Structures are given as C-alpha cells and as structure tokens.
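What follows is a single structure, written as structure tokens, with notes after it.
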Amino acid sequence: MKIPSSIWTLLIGIVLTLVSLWYGQNHGLLPTAASDEAVLVDGLFNTMMVVSTGIFLLVEGILIYSAIRYRKRSGDNEDGPPVEGNVPLEILWTAIPAIIVIGISVYSFDVYNEIGGFDPHAIHEAPITGQSMSMSMPGAAFAKRAGTALAATLNDTPPSTEPNLNQEKSDEAMQDPATAAVRNADQIPQKRNAPGVGVVSPTIGPSPENVGKPAQLLVNVTGLQYAWLFTYPDSGITTGEMHVPIGREVQINMTANDVIHAFWVPEFRLKQDAIPGRQSEIRFTPRTAGDYTLICAELCGPYHGAMRTQVVVETPEAFDKWVQEQLVASREEPLSQAVAVNPTNLSPDEFLAPYTKDMGIQPETLNQVQTAHHH
Amino acid sequence: MTQAQLQETANIPALSEEPGIRKWQDYFTFNTDHKVIGIQYLVTTFIFYCIGGVLADLVRTELRTPEVDFVTPEVYNSLFTLHATIMIFLWIVPAGAGFANFLIPLMIGAKDMAFPRLNAVAFWMIPPSGLLLIASLVVGDAPDAGWTSYPPLSLVTGQVGEGIWIMSVLLLGTSSILGAINFLVTLLRMRIPGMGFNQMPLFCWAMFATSALTLVSTPVLAAGLILLAFDLLAGTTFFNPTGGGDPVVYQHMFWFYSHPAVYIMILPFFGAISEVIPVHSRKPVFGYKAIAYSSLAISFLGLIVWAHHMFTSGIPGWLRMFFMITTMIIAVPTGIKIFSWLATMWGGKIRLNSAMLFAMGFVGTFVIGGISGVMLAAVPFDIHVHDTYFVVAHLHYVLFGGSVLGIYAAIYHWFPKMTGRMLNEFWGKVHFGLTIVGLNMTFLPMHKLGMMGMNRRVAQYDPKFTFLNEICTIGAYILAVSTFPFIFNAIWSWLYGEKAGNNPWRALTLEWMTTSPPAIENFDKTPVLATGPYDYGLEKAKEGVPLSDPDPVLSAGPNSVLRAEPDPAVAANPEDRK
Ligand code: HEM
Ligand SMILES: [Cu+2]
Ligand SMILES: [Cu+2]
C-alpha cells in the first residue's frame, strides 16, 4: 500500500512535536533552581528548547533525507528540475520564524518584567519617595542635595545642580565601616548620574509586587582581584561567604575595586557585572536551601578562575542564628582583622590561599605567581 | 564572445604552458594581480589558522584537568587571547577577503580589481601585524586581557603586550577597510555590460553586504582602540575609572564593530555556500532574490544589535529589550537563507563530493549556532549564560561550523579554478569526516558546561566538570588531526593532482568560463552573458538563449553545460570517470 505524502507529513509532524515537547522538559541541562527568579527563567528556557529541538530536527532531517534521497545516481548527468522559487513557500518560511521570535521576545519580556528587569525606581519613584528616606531605597537619593557628594571625589567634576546618584550611593555604602575599609584601599571616584546610556547601572530590581518596598535584606558586595567581600549593613557583619535566608527578598549592591568582576550564582540564574566607578544592584528571592558557588564571570586577571566563594541558602532561623554567631565573632576580633584582605600588604600566595583551598589548586601553582600586575 | 563560445574555448584542458600559470616566486612579491593577491591572502591566513589551532589545543590541554597544571595562569590567558585574536582578525576575516579578491573580478567579467595597487597594500599589512602578535608571545609579554581587551583590566596587565595587540589590530582593521573600499568600487563599476545587480552571482551580493558593513563599523573600533592606547600609554582616562573614565563606553565602541564583525566573518561564506549548493545539486538556487536581499538585511540589522554583548554590564532595562528584539529579528533573514539552501537541494541531483559535503556540514552545524544565538538574545536566559562556556559553544558553532566549514567548501569548490588541478576526493572525505566528528565532540558538550556553571576564560574549574572537559579536549585533538589530510592533499594536488579542465563542475558563473588557472587579465575578450548564474536544468541554458546578447547562441562545445555530455578526456565530473 502506498501512503500518500500528506499523511507522511502529518505523521512526521506529530512525532517531531512530541519529541520536541518531551526533550524541552527533560533536557537536564540546568542546575537546581534555587531562587524564585530561576524558576521563571527555566520556564523560558524550556520553551525555547522545545522550539529549538523542533527546528533542529527539521533542518537536520531535511539535510540528511536530501543527501540520501536525491543523491545523484551514477550515469545520470541530467540537471534537476529548474525550480527557482515559490512565493507562498517563501512567505511561509519568513513568517513562521518571525512569529516564533516575536513569541519568544514577548515571553522573555514578560519574564524579564517578572524578575524585576524593569525596576522603574529611577524614573517613577523619585518624586514620591522623597520624604521617606531609607538606605535601601535608592530612589531616595534623588531628594538629597549634592553637597556632600562632591567633596569625596578625587577629580573635580564640574559643578552641577543635579544630584550625583552614584556618589550618594557610594557615600551610603561607606557608612558601613567594613566596606569603607576595603574601598579606601583604592579609592575610586564615583561617576555622576549623568543621563544617557547606562551610567547608574540599572539591573535586576524588585519583582513587580515588591516595587516601592525596600528589600528585606541588604548585602553590599565588593569584588576585588580575586575575592568577594560581603557586608551586611543591617547587622554590620563582614564576611567572605554569603548567607541568605529562604523566602526573604535580598538586595545586593555591588561595586568593584580594581577591574570589572561579575557576580554569578548559576543556581539563581542571575548575573551582574561589578564595575569600578559604578554601583549596580540585583534583587532576588532565595527558595531552595543548599550551598551554591558564587562565581566571578568576567575575566579579571590570571586568577579569575579562582575567584569563587560559597553562597549558603538556609532557613530564616538558621540564617538568624548565623548572624548572631558572626556578631559574636566580630566583637571578639577588631575590625581591621575582619577585613583581612588588604591586597597591597599580602603576597599573592597569602592573598589567594583562603580563596583557592577548596578549588583543587595546588600550592605549587600559587608559588608560580610572581606578580598579579606586571607593568 | 558569448558565454557559450567562451565555454567552448574554456573546455580545453589546462596545460602547464597556459599563461595563467605563474611562477611560485610571484606569490612572494608585491604583485598586483587580484588572483595572486587572493591566493596570498588564503595561504597566509591558513598559516595563521594553523597557529591559532595550535594555541587552541594548548588551551584545551590545560583544560583537560581542573587544576592549572600545564601552563601558568598568566600564560593561559595569553593563549586564549592570542587564539581568539588570530582566529578572528588573521584567519576568518582576511580569508573572506582572499576569496573575494580571487573571485569577484572573475565573477563579474572584470580584468582586475578597481584599485590593484591598493589591493596589494591591503594584503601586505597582514603579515607584519600577524608577526607582531606572535612576536609578543616570543618576547614573553603577550596580551592577556582577552580578545575583547576590556579596560580597566587591559590597562593593568602588561603594557607591552597590550600595546602590541592594539597596534596589530589597528593595522588589520586598516587592511580590511582598504579591502572593503576596493570590493565595493569593483562591484559597482566593473561589472560587464549586461550584468545588472540581479544577474550577479550571490557571492558578489554577499561581499557587497560585507564590505558595506566593514566600512561603517571598523572605524569605530579603530577609534576605541586609539583611545584605549592613550589610556594605556599616555595616562589619559577615557575608560579608566580611577580618573573618572567609564569602562562601559569602551564596551559600546568595541561591540559596535565586533558584533558586526561576526557578520563580516560569516556573510562571505553564506555567499560561497550559495554558489556551491546549486552547482553540486544541479538546480537553480531557490529564491535568488531572497538570498541576495537577506544579505543586505543582515548587514543592516547587524549594526543595531551590539549591546546584546552587554546585557549584564549595566544598560537600562528598555535598552536591553530594544537590543533583544533587533537581535531576534536577525534570525529571520538567516532562516530564509537556510531554508532556501535546503529547497535548492530538494529534488536535485546531489553530487556528494567534498565541496558539497562541507557545504551541507556548514548548513547542519550553523543551524545549531543560530538556534543558540536566538536563545542568547533572550535577555533573562542570556543573563544566566553570558560569559560561560555556553557562549563559547555558540560562537564556535557559528565560527567553526559556519565560517571554517564554509571556507573548506569554498576551497574544495574553487581549488580547480585556482590551480588547474583537482583535490583528491578520498582524502577530502576523510578530512570532512574527521572535522565533523571533532567539531561536535569539542563544542557540543560546552553548551551543558556553560549552563551548569562553568565560566569562560578560566584555567581552573570545578572538578565536577572534568568528564565533559575531557571529551572536549579529545575532540580538539581530533580537529587538529583532521587538518593534516587537508594540508597534504592541498600541497600534493597543487603539484601533481589530476588536471581539472576549466570547468570541472559544469558551473554557469563566469569564473568558470576562462582557463584554469585564469590568464593574467582573466578573459580574452569581454564576456557576454548567455545564461543566468544558476540556470541549471532551464531551457534557456540548454538552448543557450543569451541574456544580453542579441544573437542567439546555438552551438555548444563538447562537455559544455549546454550539452551535458562529459568529455572523457577531461575531469568533467570526476566521480563518473572510470
Ligand atoms: C581548532 C579548533 C578550536 C578549538 C579547540 C578552540 C577552543 C577554544 C577554547 C577552549 C576557547 C575558550 C578559551 C577560554 O575561555 O579559556 C576558545 C575561545 C575562542 N575561540 Fe576557539 N577554538 C577553535 C577554533 C576556533 C575558530 C576557528 C575560531 C574562529 C574565529 C575561534 C574563535 C574563538 C574565540 C573568538 C574565542 C573567545 C575567546 C575569549 O573568550 O576571549 N576558535 N576556543
Ligand atoms: Cu573577578
Ligand atoms: Cu573574574
């Protein structure tokens, strides 16, 4: 019996769809989703994976089918049929990819909005939050006057009546003694909040339902060659390891001391560059307990690969307990030791040792380090 | 002469006394013949490819184990910086110019490029800049801030290496600007009468789009690099935050060139593939205009997508959405090309020779790179995988699976024209098989590595990734081995290979209507078009109805396209000859 080609097309279409749908859900390509944001991003990825699998199988299928089916038989020196085009077909394969990418764009747009990509504080919040000044609400900075900000810059910025948003955020961060100690090691002036493309780094802000509310936990993060430093301004703790509680929205304010670093926790699906001279922030809500690795994702020098630390996601009770322990510990040792990392006073081996010990780096490797900077 | 008459004379087997054969010394001189320059480009860039490949295998050797145990981390950074710089600026980009130099004048019936001396100047900037880069490795102060050379890192690593890097890339950029001007003027002014834009072979369309893109974007890179050089050497602070500069501005300037550069790297080979597939499928190219205009669309859209490299470096939310959408849209013209190639093959009489196999390999692997590219355009997902091995996988599927396989397809296709001899088919197929296996083994696992948490540009990584890295490294060794059959095949065949005849593939584009290799000024008389470039199977090709010549062409020589009967004396269709 000869099966008509339309039936074949239908059957192949059904099989292709089923395989794509199955693989899109069962690819096993992503690590645990440990934040609320991660779940949304994974949904987007799985959808893209379904579409991609379908397109991949279709194209490779046609390619291999043609190679076999339309192979030149020996002795046949004729040309193929002179088909030069087919307008409806061409419209179809222009329209379908167009629809697919529009669909993916809309879905991405939605996810991006949900995870707080469109944090509107810089534009909308400013006038409203003027009265309620709070450190965790960047919008408040608009209401302040610029006076104190200018004093701290190394180079003279031309006088301006506009507030310097970056400088004010930096000043806020400097209220925290641990952050100040680190940042004073290599003072980098803050850029003015000039209008235009990307000067205050806008990043992932609060999810739409949290807009206007301060995050429940604030962590200041400083990246420096080759370590991450965390300060918890609410409690004054300084650590080299980050702890966050499940279910509370966390805001990370970050900057970098020397070169560009990038904050990446694969399980959170979030990444943000920490850029010297800029402040950037991300907000997220941890959801799955566990120890995850915080990875520096921007090339920052020879030991870039070693710039990693632990992020511990734990229950709120465990987190509070950890805070108490840290407070006791920091009362016992003076602050200068809590901020143990002052790169200028340490040899590279000493400096890197605490960060590399779990990473399978042999001591010999560290001994090979001559200088991190060779001018 | 009409195309058919040309065809007649062209079918005489190439003899060594032909005027087209040059002395080997010509290739080491300041020669202004576009064919000599084309081959100079191709051979030089291939040598750089081999060097870049050795560096890649050193990188992969380091990554076999999670520890840094093969080279020091500083050297590791220099290795991948030079690998990428060499592959991009000294291989893929100038290799496209090499084919364009050889083919454009032949394809449009011109005697040479519009500015032959400028052409030679453009080529001769390449060897010194390449040597400069390699010298930096030898003096032990190689650039190590990545091929993107982001400040402030590039300002605090070695000054000598970074300075050399800037100098070398500036020279290479100048070379490609000069080349682009030449291609544009040649295409606009030197076509034979009767060849409108819509009668041009698709490779010419692709080079037209590429050159326009080069002219617009390269100067911006040059500006960025000059400012960076001031920061590095003169202490200015354009990009240096310690003086109030902004490193993100550098990123904008850099990517304003370097994203379009991706299309500068791939468009010429889209063009080459559009030539190879119809000839070896014996069918007209499906959707000529769609393929031609989609090159222009890609080159225009290519200019407005650069910030998708900066989704995590801090640009406003709405701008990320703008760049997401423009990036996504590029998938449409690219998709049009892919489907048109598939439709060209569909129902044809496909010759599965090496050129065609590489062309099909190109389509099959490029699709993977294209799909992961659309995924990367989706901002929330890109935020997760930016600067990870997912990106490394994506870019190699595009650049290796796309550009490099495209170059190989083009070499197997035009080698007979360039040298008058055929490449050996058996070794060509061995080369193809090893390349495809090695390519997928090296780069497919990298997708998973990146998503699971392996960042790029690291000499040491989490031990849980050891197994996949082991596979990648073995794949990279297979890739290295795969080039040997090709190198020996090319050298041996050039010297002793089977004589090709002038049109072994019975192709219809003009470059096949002259001797192989072509004589000094290409054609005895200005050719006249008798058929379109892809009229396979059409009556007008069979009867030889001219497109621009009022006198109908009636006769066709032995072994001509117009008769489709191979002359047993000539390698008309090598796999048929027994
Ligand atoms: C011979 C096969 C090749 C192998 C095994 C290979 C391997 C690699 C590896 C492992 C990396 C990552 C280095 C790191 O992140 O530490 C890399 C980066 C790169 N490769 Fe290749 N590669 C090959 C061919 C090519 C080709 C043909 C191109 C063409 C243009 C290319 C362009 C690049 C670029 C642009 C980068 C990015 C470098 C960076 O992140 O700075 N590679 N390659
Ligand atoms: Cu870092
Ligand atoms: Cu880093």
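The values are calculated or read from the model by the stated rules, or taken from the named source; none is laboratory data. Note that the coordinates shown come from a computational prediction; the quantities given were computed from them, not determined experimentally. Positions of Cβ are backbone-derived with ideal geometry, glycine not excepted, and every protein chain shown enters the neighbour counts. Heads up: the accessible areas ignore ligands, DNA and RNA and are worked out on the full protein's heavy atoms, side chains in. Shrake-Rupley method; radii C 1.70, N 1.55, O 1.52, S 1.80 Å.
Things worth noting here:
- Whether segment B:104-226 is rounded, prolate or oblate, judged on the alpha carbon gyration tensor where a/c under 1.5 counts as rounded: prolate
- Sparse packing (at most 12 other Cβ atoms within 10 Å of the Cβ) combined with a DSSP loop state is found for the following trypsin sites (Lys or Arg not before Pro) in segment B:425-533: B:LYS525.
- Share antiparallel - DSSP beta bridges, segment A:213-307, percent rounded to 5: 75 percent
- Pairs spanning more than 30 Å between alpha-carbon atoms, out of B:LYS283/B:LYS429; B:LYS289/B:LYS499; B:LYS289/B:LYS417; B:LYS349/B:LYS417; B:LYS283/B:LYS499; B:LYS337/B:LYS417: B:LYS289/B:LYS499.
- When the listed pairs A:LYS72/B:LYS525; A:LYS213/A:LYS321; B:LYS23/B:LYS111 are checked against a 31 Å cut-off, the alpha-carbon distance exceeds it for A:LYS72/B:LYS525.
- Loop-located chymotrypsin sites (Phe, Trp or Tyr not before Pro) in segment A:237-321 (DSSP state other than H, G, I, E, B) with a sparse environment of at most 14 neighbouring Cβ atoms within 10 Å are absent.
- Interface size A-B, as summed buried accessible area [1.4 Å probe, Å², nearest 100]: 8700 Å²
- Only helices reaching 15 angstrom along their own axis (Cα) with mean Kyte-Doolittle hydropathy no lower than 1.6 count here, and for the DSSP H runs of chain B these are B:126-138, B:202-229, B:354-377.
- Segment A:1-114 - Rg and Dmax from Cα coordinates, angstrom: 19.4, 64
- Less than 5 angstrom separates the built amide H of A:PHE263 from those of A:GLN272, A:ASP273, A:ALA274, A:ALA297, all sequence-distant by 5 or more or on a different chain.
- Pair-distance distribution P(r) for chain B, from all Cα-Cα distances in 20 Å bins starting at 0: 21, 55, 22, 2 percent.
- For chain B, the solvent-accessible area works out to 30 Å² per residue, with a probe of 1.4 Å and every protein chain left in place.
- Interface burial in segment A:44-77, defined as at least 50 Å² less accessible area with all protein chains than with the chain alone at a 1.4 Å probe, covers A:PHE45, A:MET48, A:VAL59, A:ILE62, A:LEU63, A:TYR70, A:LYS72, A:ASN77.
- Using the rule -39500 (n - 2.57) for each DSSP H run of four or more residues, divided by the residues of chain B, the 222 nm mean residue ellipticity is -20500 deg cm²/dmol.
- Surface composition of chain B: carbon and sulfur make up 71 percent of the accessible area, probe 1.4 Å.
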